[in-house]
Amino acid sequence: MTEDYDVVVVGARPAGAATALLLARQGLRVLVLERAKPGADTLSTHALMRAGVAQLTRWGLLDPIVAADTPAVRRTRFHYPGEQVTVSIKPAAGVDALYAPRRTILDRLLAEAAENAGATVRYGVTVTGLERDRSGRITGVVGHDQSSAPVRVRSWLTVGADGAGSTVARLVGAPNVRVGSASSAIIYGYWDGLGVTDYEWFYRPGASAGMIPTNDGKVCVFAGTSAQRFNQEMSGDLRGSYLRLLADATGPAATERLPESVAPRRLYGFPGRFSYLRQAHGAGWALVGDAGQFIDPLSTNGITDALRDAALLSRQVAAILSGVGETEALAAYQAERDQLATPIFDVVDELAGYRWDVPAVRELLLRLNSAFSAEVEALTGPGGVVTIER
């Protein structure tokens with residue numbers, strides 16, 4: 001049996017759930033298909049930047065995140081050898097604090113908000129193929145649920161929000177518009193009792209680290225280096241590599257704090273992946289989040305970028321509904337995405353190469369902050385994306 005919807009979204013993580021939320025609020029019949037279970041955890045740095053918090057605020061979703069005891073972050077600390085720079089989060093764009101919710105909280109919240117807006121969300125469904133008409137236009141998806149029962153959905157628009165290994169991107173043959181030249185390898189762990197209340201970033205030649213306060217009194221602590229160095233010097237001993245990288249990146253001022261807290265029982269490794277920008281649209285399809293763009297995790301902007309894509313695509317879908325041509329509108333979506341993503345891409349690709357010294361990394365971080373500010377302005381300033389709040 002074939003089901004009919006206006007839009008089918010493949011993936012219910014932040015990019016897909018936010019896209020479904022915004023399109024459902026426009027009155028469209030939206031179906032979201034997600035392979036994982038509801039509320040499943042996933043590897044993440046958690047950090048929301050100002051543009052991400054601003055979007056959640058506009059959509060009426062920040063209060064539940066605060067109510068889940070997600071700590072408010074009001075300062076960012078940058079640590080360099082022999083120096084610390086503290087930057088306070090000044091109120092702007094309706095944001096007076098940053099947040100880093102666990103994905104078990106954020107992802108579920110976005111999916112439930114999409115359902116409350118009228119979207120249908122189904123878990124345990126794997127998409128295996130796409131439907132096409134005689135012209136080659138994508139007209140829906142096929143797959144199966146956990147019981148192996150077939151799933152077939154016909155839709156006007158298919159949105160791939162299924163991550164870096166996107167099935168939708170692969171099946172439509174979305175080419176890379178750009179590929180990065182470097183990648184970082186990162187190890188993550190959750191510490192208890194560390195007492196971190198700010199975003200803390202550490203930069204020393206050859207290594208970096210971050211401390212990000214999240215729910216339940218835990219702090220996500222990551223340590224990274226170039227994928228090349230990791231593979232040559234540190235593979236095979238994840239915990240030992242993690243502690244060595246932390247020491248390299250933070251020095252004694254930070255590592256002396258660690259013995260006073262509870263070390264993570266489990267570590268999560270990311271071996272590295274080159275950043276990319278993919279073609280993000282075609283006849284009957286579009287890509288959001290990591291399905292269309294992946295920027296090295298050193299940006300700590302992945303969730304914010306996912307919410308940005310949802311907002312930009314929803315605006316262009318609204319334009320289509322008002323009479324703008326589909327090809328023109330979807331091309332405008334990609335143009336806006338690329339305009340905002342490219343400056344971040346450029347800086348983070350240099351950061352991920354770890355060929356910088358301290359003066360150079362400070363300059364790169366200033367450029368990254370400017371790129372983040374441009375993203376905020378595009379989404380919240382005059383002429384920015386305006387969405388309907390609950």
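Shown here for the range 104-201: trypsin sites (Lys or Arg not before Pro) in loop regions (DSSP other than H, G, I, E, B) with at most 10 other Cβ atoms within 10 Å, namely Arg134. On a per residue basis, the range 240-390 carries 41 Å² of accessible surface, using protein heavy atoms and a 1.4 Å probe.
Which net charge results for the neighbourhood of Ile89, defined as the other residues with beta-carbon distances under 12 angstrom from its beta-carbon, given Lys and Arg at +1 and Asp and Glu at -1?
Around Ile89, the surrounding residues sum to +3.
Nonpolar atom fraction for the chain, defined as the carbon and sulfur part of the 1.4 Å probe accessible area, stands at 50 percent.
Estimated from helical segments only, the mean residue ellipticity of the chain at 222 nm is -11000 deg cm²/dmol, where each DSSP H run of four or more residues counts as -39500 (n - 2.57). Both radii were evaluated on the Cα set of the range 208-306; the Rg over Rh quotient, with Rh as the Kirkwood radius, amounts to 1.06.
Using DSSP to call loops (not H, G, I, E or B), can you name the trypsin sites (Lys or Arg not before Pro) in the range 1-91 whose Cβ has at most 15 other Cβ atoms within 10 angstrom? Qualifying residues, ordered by number: Arg74. From the alpha carbon centroid of the range 259-318 to that of the range 185-202 is 20 Å. Within the range 239-337, the trypsin sites (Lys or Arg not before Pro) that combine a DSSP coil assignment with at most 12 other C-beta atoms in a 10 angstrom radius are Arg265, Arg266. Rolling a 1.4 Å probe over the heavy atoms of the protein chains gives the range 189-232 an accessible area of 30 Å² per residue. The label point for Ala40 and the one for Thr128, both projected 7 Å from the Cα toward the Cβ, are 1.7 nm apart.
Judged by the gyration tensor of its Cα atoms, with axes a ≥ b ≥ c, the range 131-187 is oblate; a/c meets the 1.5 cut and b/c is at least as large as a/b.
With a 1.4 Å probe and all protein chains left in place, how much accessible area per residue does the range 57-116 have, in Å²?
47 Å²
Among Gly160, Gly323, Gly118, the largest mean-square fluctuation in a Gaussian network model of the chain, built with springs joining Cα atoms closer than 10 Å, belongs to Gly323. Using the Cβ-Cβ distance between Asp63 and Arg257 with R0 set to 45 Å, the FRET efficiency from 1/(1 + (r/R0)^6) comes to roughly 0.90. So if we plug the beta-carbon distance of Asn116 and Ala164 into 1/(1 + (r/R0)^6) with R0 = 25 Å, what FRET efficiency do we get, rounded to 0.05? My answer for the efficiency is 0.30.
Helix 103-116 versus the longest principal axis of the chain: what is the Cα-based angle in degrees, 0 to 90, to the nearest 10? The answer is roughly 20 degrees. Only one item in (1) 1.76; (2) 0.97; (3) 1.58 matches Cα Rg over 2.2 N^0.38 Å derived from the coordinates shown, and that item is (2).
The values are calculated or read from the model by the stated rules, or taken from the named source; none is laboratory data. Computed from a predicted model, the values in this text were never measured in an experiment. In this analysis, Cβ positions are derived from the backbone assuming ideal geometry, glycine residues included, and neighbour counts consider all displayed protein chains. SASA here: full protein model, heavy atoms, side chains in, ligands and nucleic acids out. Shrake-Rupley method; radii C 1.70, N 1.55, O 1.52, S 1.80 Å.
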